[in-house]
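The values are calculated or read from the model by the stated rules, or taken from the named source; none is laboratory data. Being a predicted model, the structure only gives us computed values, none of them experimental. In this analysis, Cβ positions are derived from the backbone assuming ideal geometry, glycine residues included, and neighbour counts consider all displayed protein chains.
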Amino acid sequence: MRSAIALILLMSASVAVLGPASAQRAPTTGSASAAATPPAATPAPAPSAIPGPSAAVTPPKCTNPNALGVSRTVEIDTAGGPGFGGEHFKQHDFLRNKEVVLTFDDGPWPTTTAVLKALADECVRATFFPIGKHATYYPEILKAMHEAGHTIGSHTWSHKNLESIKDPAEAKAEIEKGISAVSMSAGVPIAPFFRFPALRHPPALVTYVGERNLGIFSTDMDSFDFKMRKPEQVVNAVMTKLKKFGKGIVLMHDFQTATSQAVPDLLAQLKAEGYKIVHMRARDPVKPLAEYDEMVKKEQKLPTVSTRPTSSVIRTVE
Ligand SMILES: [Zn+2]
């Protein structure tokens, strides 16, 4: 009898030891097992080994005395997954009248360079939500974005509408590979700021993102700039909506040519109309998960140890 109790105790002890480790090796792969696994039992994820300074950098000194500039910087604690942007989330409206947060999605892309220049000329800082794949194509642009003092979040690996993905593991990988790819390409930890593609927010993934302590950023006003071909249309769309709402988080796309050309005029009009720029930054960076770092490295085909930008490896000589 006593030995039977001892055996039971021994067995339960080994289950307790093996539980988290085996769970870590076998991530959730189906909806049935996802429903059966209580979220609290999820083991602490293995952090990735991305080196680098804190996500916050000292932005370059502003040399333009008439610049629009940044009037206020807010630090956001994303623990528990708070949502921002009145189109979907009402609980954290932190902007005062005439205050504007500029956000840009879907880069980095060659068009992003013009956006960065326009923002630098007016000493304005913004928040970018890059796509993981694009980050692997243009790491230099992402590094420039970081060095200019902008906040970098993430926007999934390949911009799939997460509502249309049936496999929870695949949807989770879209989010996590995005974080891994943007972090690796930037070479520094990024902000735990996440924007769902097409602003589609499947409830199960809103829960996952909350458990991962990522802030969810919708928008107060969508510029719909992806439908526009002329920069003046983008400026008009943003200014018209700002006039209506008085303030807000503005969603644009640095990936769009018209938007990249519109930013200088947009900043000039914001200044002329007395709007003030608020810069968001994160209290803590997001820790990418090692298993998704590995997946991203594999996707990049035959990686080498070189991290030199293409521009320093290849140059036009004739
Ligand atoms: Zn997008």
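For the stretch 200-220, filtering for residues that are in a loop (DSSP other than H, G, I, E, B), more than 16 Å from the ligand (Cβ to nearest atom) and out of contact with any strand residue (DSSP E or B) (no Cβ under 8 Å at 6 or more places or on another chain) leaves 2.
Specify the residue that is farthest from residue 177 (Cα to Cα); the eligible residues are those in the stretch 248-304 that are of a type in the set (Ser, Thr, Tyr) and more than 16 Å from the ligand (Cβ to nearest atom). Don't jump to the end; show me each part of the working.
Quick first cut of the stretch 248-304, residues of a type in the set (Ser, Thr, Tyr) only: 257, 259-260, 275, 292, 304.
Pick out the ones that are also more than 16 Å from the ligand (Cβ to nearest atom) and you get 275, 292, 304.
On the way: 275: 36, 292: 5, 304: 19 Å.
The selected residue is 275.
Among the residues making up the stretch 242-263, a single one is over 14 Å from residue 106 (Cα atoms), of a type in the set (D, E, K, R) and buried (at least 17 other Cβ atoms within 10 Å of the Cβ): 247. For residue 231, the stated conditions do not hold, so it cannot be described as in contact with a strand residue (DSSP E or B) (Cβ under 7 Å, 6 or more places away or on another chain) and within 30 Å of residue 263 (Cα to Cα).
Take the conditions under 23 Å from residue 58 (Cβ atoms) and not in a loop (DSSP other than H, G, I, E, B) and apply them to residue 118. Does it pass? In short, yes.
Summed over the stretch 101-138, residues that are within 12 Å of the ligand (Cβ to nearest atom), acidic (Asp, Glu) and at negative phi total 1. Look at (1) assigned to a helix (DSSP H, G or I); (2) within 16 Å of the ligand (Cβ to nearest atom) and you find that residue 239 fails only one, number (2). Considering the stretch 177-199, the residues that are under 17 Å from residue 218 (Cβ atoms) and away from the ligand (no atom under 16 Å from the Cβ) include one that is surrounded by the most Cβ atoms within 10 Å (Cβ to Cβ), namely 191.
Just one of the numbered conditions (1) within 25 Å of residue 65 (Cβ to Cβ); (2) in contact with an Asp or Glu (Cβ under 6 Å, 6 or more places away or on another chain) is not true of residue 283: (1).
Can you find, within the stretch 150-166, the residue that is farthest from the ligand (Cβ to nearest atom) among those that are assigned to a loop (DSSP other than H, G, I, E, B) and more than 17 Å from residue 286 (Cα to Cα)? For the stretch 150-166, the residue satisfying everything is 166.
Residue 172 satisfies every condition listed in (1) away from the ligand (no atom under 14 Å from the Cβ); (2) touching a residue at least 12 places away in the same chain (Cβ under 8 Å); (3) buried (at least 16 other Cβ atoms within 10 Å of the Cβ); (4) over 25 Å from residue 298 (Cα atoms) except (4). Taking the condition loosely packed, with under 13 Cβ neighbours inside 10 Å, of a type in the set (Gly, Ala, Ser) and within 19 Å of residue 101 (Cβ to Cβ), does residue 274 pass? For residue 274, the condition - loosely packed, with under 13 Cβ neighbours inside 10 Å, of a type in the set (Gly, Ala, Ser) and within 19 Å of residue 101 (Cβ to Cβ) - is met. Got at least one residue in the stretch 229-247 being at pLDDT 95 or above and under 24 Å from residue 156 (Cα atoms)? No: zero hits.
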